[in-house]
Each structure stands twice: as structure tokens, then as C-alpha cells.
Amino acid sequence: MKSKLINISDFEPEQQINSIDSKIVASLERISQAFRVLLWQESKEFTLSPIQIQVLIFLLHHSPEKRKVSYLADEFNLTKATISDSVKILEEKRFITKEYDANDSRSYMIHLTKKGKDIAAKAGFFTKEIRQPIINLNQDNKENLLLSLLGVISHLNQAGVITVQRMCKSCAYYRPSVNGQTHFCNLLNQPLRDIDLRIDCPEHQLKI
Ligand code: SF4
């Protein structure tokens, strides 16, 4: 039954009418379109491309070892050449500076300038219209939504669709919930309720 349903496009109207699964997939697609539209609006304001805006926001919120071309390429599922082009433009506009590795002249860490930080901080609010209806959900619905989305992201990561992720479920310190008990973080040495599960944890250590 499952495989029969999966052979029908989620965008086929008849399928969408009869399948809640397809309605959810189509809804996620609409939301992804909203992200694209909002990002475009933001990028037009600063005459930057959407990926350049995303790189600036990422640089503002992540530690120096993540602020490298190869890490950014994995993060955004783009080639290093594409990221390098974006970094070049950001440098020309004086939004970032490069700090070259003393042992490898091809490798560098990227730092935001004051101007870059200001733009990144402002652009980081491009999601506010998406957050508004989420704020209005009740707590149970928020928790269910969060857990469901974490499950979808986890699957996409395992299927190789998206590469980098810093969620509890892929972390070496994570101990899953067993028999209805809470999850546990071995680094923080504390239980994690469903709402404590992180999606972008600075202490994340990839499970090998
Ligand atoms: S270190 Fe962070 S990502 Fe890892 S289990 Fe603890 S809270 Fe989750």
C-alpha cells in the first residue's frame, strides 16, 4: 500500500485530495517557496544574492572553525567554487576579511567586518513572517511540529539529500529516549526534553 502511494506524485491533484502525506509534502514545498521569496526580498535590499545573504547570516552565528569555504560548501550543499565566488564578492564589498592559514596558503578563515555584521544581523530577521504563525500555536502543537520536522530532517540527512547538520540525533553525545524516558546529553550531563532537542548546537560532535 505504502509503495503504491509513493509512486504517485505529491503534486497530482487527485493524490493530494486523498492523501494527508501528500498534503504535508505540498505544504512544505509552499513554505520552502516562502523562504526563497523572503530571502530574495532581503537580498534585493542589500544588492546581494540570496546565498551571499545566507553566508553572512551563517558567519555571524557560527564559530571560527566553521567559517571556512569547505564547511560552507557542505552547509549549503554547494560546490566550493560557488562559495568562493560569493566570498570574493563579499570581500570586494568589504563585508568580510580572510585570515590565511600559516601552514596552507590556500586555506583561510572568514571574518565579518563591522559592516558585514550589521547587515547579517539585520538580514537574520528575514524569517519573521514565517515565525509569526508558529508563535500562535499552542505548546503541544509546537512540540509535535518540532519533533515531526526533526524526523524529516534526520531522514533527509541519512538519505544523503542534505549533508551537514548539527542536531542532537546525529551527535556523539546524544543518548536516545528509551521506554518513554527523556533523551540525554552526555556532554551537558543532563536530560533533554523533546523541546530541548537542538537543531544547530554549537557543541555538536558528529557521530562516527
Ligand atoms: S552536545 Fe548538543 S547536539 Fe550533542 S546531544 Fe548535547 S545538546 Fe544535543
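Out of curiosity, is G160 without any contact (Cβ under 8 Å) to a residue 24 or more places away in the chain and closer than 22 Å to F35 by Cβ? Judged against the criteria, G160 is a match. Based on this model, can you work out whether C201 counts as within 16 Å of the ligand (Cβ to nearest atom) and closer than 30 Å to R94 by Cα? Yes. The residue that is nearest to K66 (Cα to Cα), among those in segment 180-193 that are near the ligand (Cβ under 9 Å from one of its atoms) and either not in a loop (DSSP other than H, G, I, E, B) or not assigned by TED's automatic domain parsing to the domain that holds L149 (or both), is C185. Return the residues of segment 145-176 that are more than 21 Å from F58 (Cα to Cα), within 12 Å of the ligand (Cβ to nearest atom) and surrounded by 15 or more Cβ atoms within 10 Å (Cβ to Cβ); say none if nothing qualifies. Scanning segment 145-176 gives K169, Y173, Y174, R175. Considering Q52, Q33, the condition of being closer than 23 Å to T79 by Cα, at pLDDT 95 or above, surrounded by 17 or more Cβ atoms within 10 Å (Cβ to Cβ) and not hydrophobic (A, V, I, L, M, F, W, C) is satisfied by Q52 alone. Filter segment 57-106 for residues that are among the charged types (D, E, K, R), outside any helix (DSSP H, G or I) and out of contact with any Gly (no Cβ under 9 Å at 6 or more places or on another chain) and give the result. Once the filter is applied, which keeps residues that are among the charged types (D, E, K, R), outside any helix (DSSP H, G or I) and out of contact with any Gly (no Cβ under 9 Å at 6 or more places or on another chain), segment 57-106 yields R67, K68, K98, E99, D101, D104, R106. Considered as a group, the residues in segment 53-89 that are among the polar types (S, T, N, Q) and over 14 Å from the mean Cα position of the chain (by Cα) include one that is farthest from K114 (Cα to Cα), and that residue is T79.
For segment 97-109, state whether one or more residues are touching a Pro at 6+ places or on another chain (Cβ under 7 Å), without any contact (Cβ under 8 Å) to a residue 60 or more places away in the chain, over 20 Å from T47 (Cα atoms) and not charged (D, E, K, R). Yes, segment 97-109 has at least one match.
Checking each residue in segment 72-89 for being at negative phi and surrounded by fewer than 18 Cβ atoms within 10 Å (Cβ to Cβ) picks out D74, L78, T79, K80, A81, T82, S84, D85, K88, I89. Kindly list, by first and then second residue, each pair from a residue in segment 170-191 that is under 11 Å from Q205 (Cα atoms) to a residue that is more than 8 Å from the ligand (Cβ to nearest atom) and β-branched (V, I, T), limited to pairs with Cβ atoms under 8 Å and residues at least 6 apart or on different chains. Short answer, once both residue conditions are applied: A172/I208. Here D196 fulfils each of the conditions (1) of a type outside the set (A, V, I, L, M); (2) in contact (Cβ under 8 Å) with a residue 24 or more places away in the chain; (3) within 12 Å of the ligand (Cβ to nearest atom) apart from (2).
Considering K142, K117, K122, the condition of being more than 12 Å from the ligand (Cβ to nearest atom), part of a helix (DSSP H, G or I), more than 19 Å from the chain's Cα centre (by Cα) and surrounded by 11 or more Cβ atoms within 10 Å (Cβ to Cβ) is satisfied by K117 alone.
Can we say P50 is under 15 Å from the mean Cα position of the chain (by Cα) and on the phi < 0 side of the Ramachandran plot? Answer is yes for this residue.
The values are calculated or read from the model by the stated rules, or taken from the named source; none is laboratory data. Computed from a predicted structure; not experimentally measured. Reconstructed Cβ throughout: ideal geometry from the backbone, glycine too, with neighbour counts over all protein chains shown.
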